[in-house]
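The values are calculated or read from the model by the stated rules, or taken from the named source; none is laboratory data. In this text the structure is predicted, and so the values were computed from the model without any measurement. Note: ideal-geometry Cβ built from the backbone for every residue, glycine included; neighbour counts use all protein chains shown. Each accessible area value is taken on the protein alone, full model and side chains, heavy atoms only, with ligands, DNA and RNA left out. Shrake-Rupley method; radii C 1.70, N 1.55, O 1.52, S 1.80 Å.
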Amino acid sequence: MAGTNPNKGISFALDENPAMLLDHFHSPLKDIRLWTGLHGMWAGKIASALNRQLPEGWFAAPTIHWAIDVDVPAFEEPAATAQPQADAPGAAVRTLPEPTKTIPFGVTTDVVEVRVYHELGELVLAGAIEFVSPANKDRPDSREAFVAKCDGYLRDGIGLVIVDVVTTRRANLHSELMQRLGEAEERDRPLYAAAYRPLIHERGSTLSVWYEPLEPGGELPTVLLFLRNGPIVEVPLAETYREACLDLKIPMQTKSGNP
């Protein structure tokens, strides 16, 4: 990735004919395949690729949750009362006291991630790969919830990778994460893969970042996931992306231009 080469001294099995990143969020592709299927399948392929590298006592598993968009006002109740439950005949209507304060609160929307755990009598989270969805980049509270989760991972010393291939939103969550950490950084390209390595030193703690811009029609890189108190593993984005596309019968474009 850009800057200091984190791959020095590590050998990679380079693909002779890497697949090009497609735009899964605009026509014609969005009309024939769901991007949600690609994200879910891709996360599973990455988990499998990591498990082939991880030593005994470590494992990777995908976590996928799609939020359901609802008409929020339709579910709001009057501030003072709440109706009794239908299965409680004769129950009195409860009068609620006025809250001391009501503030905006960002909740996690879509979650597509691969988590790596270390088995130490209990499961200890050591690394996470986050796939950005359109909902994560949509509203300010959704962006804040995503950034807050990533911030929490890093402050716990958990290695992190963020992958954003969403072409329908311009927000850059890496930039917002950097701003939250006190490092002003503006990125004008909304697609990227970024790797983060939090380290604790005798003189304090540091965060190393490797940022790789992406674009439709471009090659996907191999990035590194720095596991907390563990090994460094490769995240082969191109190989796993191709496998996911093939399994979902998504028409693909290779570097040579041949499907």
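Would you grab the residues whose amide H sits under 5 Å from the one on Met20? Only those 5+ places off in sequence or on another chain, please, with H modelled 1.01 Å from N.
So Met20 has HN proximity to Gln253, Thr254, Lys255.
Using 0.36 nm times the number of residues separating Arg52 and Ile103, minus their current alpha carbon distance, what extension gain do you get? All intermediate terms of the calculation are to be shown ahead of the outcome.
Values: separation 51, 0.36 × 51 = 18.36 nm, distance 4.56 nm.
This chain segment gains 13.8 nm when fully extended.
What FRET efficiency comes out for the pair Thr206/Phe25, r = Cβ-Cβ distance, R0 = 22 Å, nearest 0.05? All intermediate terms of the calculation are to be shown ahead of the outcome.
Working: r = 35 Å, r/R0 = 1.60.
According to the calculation, E is roughly 0.05.
Which far-off residues, 5 or more places away or on another chain, put their amide H under 5 Å from the one on Asp110, with H placed in the peptide plane?
Here the answer is Ala67, Asn136, since their amide H atoms fall under 5 Å of that of Asp110.
Which far-off residues, 5 or more places away or on another chain, put their amide H under 5 Å from the one on Leu191, with H placed in the peptide plane?
Close amide H contacts, sequence-distant or interchain: Leu214.
Suppose the chain between Val124 and Phe59 were pulled fully straight at 0.36 nm per residue; how much longer would it get relative to their current alpha carbon spacing? Present the calculation step by step, with values, prior to reporting the outcome.
Values: separation 65, 0.36 × 65 = 23.40 nm, distance 1.05 nm.
My answer for the length gained is 22.3 nm.
For the stretch 121-202, what is the accessible area per residue in Å² when the probe is 1.4 Å? Numbers along the way, then the final one.
Values: 3500 Å² over 82 residues.
For the stretch 121-202, the per-residue accessible area is 43 Å².
If packing is taken as the mean number of other Cβ atoms within 10 Å per residue, what is the order of 131-141, 154-164, highest first?
154-164, 131-141
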